[in-house]
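Working notes, structure below.
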Amino acid sequence: ADAAASRRRLRLRCLDEVLAQWPPTAAGEVVDLVRVKAAGSEAHIVAGLRGHLAQRRVRRLLAECNQDAEAKIVEMMRQFPWYVRSSDRLAKGNNPVLFVLADD
């Protein structure tokens, strides 16, 4: 029984799935700010938000990440031209990347 339990995989939900079940966003509301800070997994987390980004349901996306993750996120966000990268310097240390919904 222990061997079978240790081989079981746990599927984590992506942000699109989590937000789809959250009452305010399930009704079609826009999320004001999504902040991502996850010690190297930021690009994966942003990838899991593609559905909401494609539907313009996130007003601002802030990711605090290293340069590699920053480059991946910037590349990924090119598919959503309605988001513009803010040039504001937000914090020292990590590379904060802020994208804002342009038609907001």
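The values are calculated or read from the model by the stated rules, or taken from the named source; none is laboratory data. For clarity, every value in this text was computed on a predicted model and none was experimentally measured. Quick reminder, even Gly has a Cβ in these numbers, built from the backbone with ideal geometry, and neighbours come from all protein chains shown. Accessible surface is based on the protein model in full, side chains and every heavy atom, while ligands, DNA and RNA are left aside. Shrake-Rupley method; radii C 1.70, N 1.55, O 1.52, S 1.80 Å.
Just a few scattered comments:
- Trypsin sites (Lys or Arg not before Pro) lying in DSSP loop within segment 9-88, provided at most 11 other Cβ fall within 10 Å: 9, 11, 13, 78
- What the chain shows is 67 Å² of accessible area per residue, with the surface traced by a 1.4 Å probe over protein heavy atoms.
- Cα-centred dipole magnitude for the chain, charges only on beta-carbon of K, R (+1) and D, E (-1), debye, nearest 20: 260 debye
- Structural descriptor for the chain: relative contact order 25 percent, calculated from alpha carbon pairs under 8 angstrom and at least 6 residues apart.
- Rounded tilt (10° steps) of 67-77 against the dominant C-alpha axis of the chain: 80 degrees
- Using θ = phi - 60° in the Karplus curve 6.51 cos²θ - 1.76 cosθ + 1.60, the 3J(HN,Hα) couplings for segment 12-18 round to 7, 7, 7, 4, 4, 5, 5 Hz; x is entered for Gly and Pro.
- Only helices enter the 222 nm calculation for the chain: every DSSP H run of n ≥ 4 contributes -39,500 (n - 2.57), and dividing by all residues gives -9000 deg cm²/dmol, rounded to 500.
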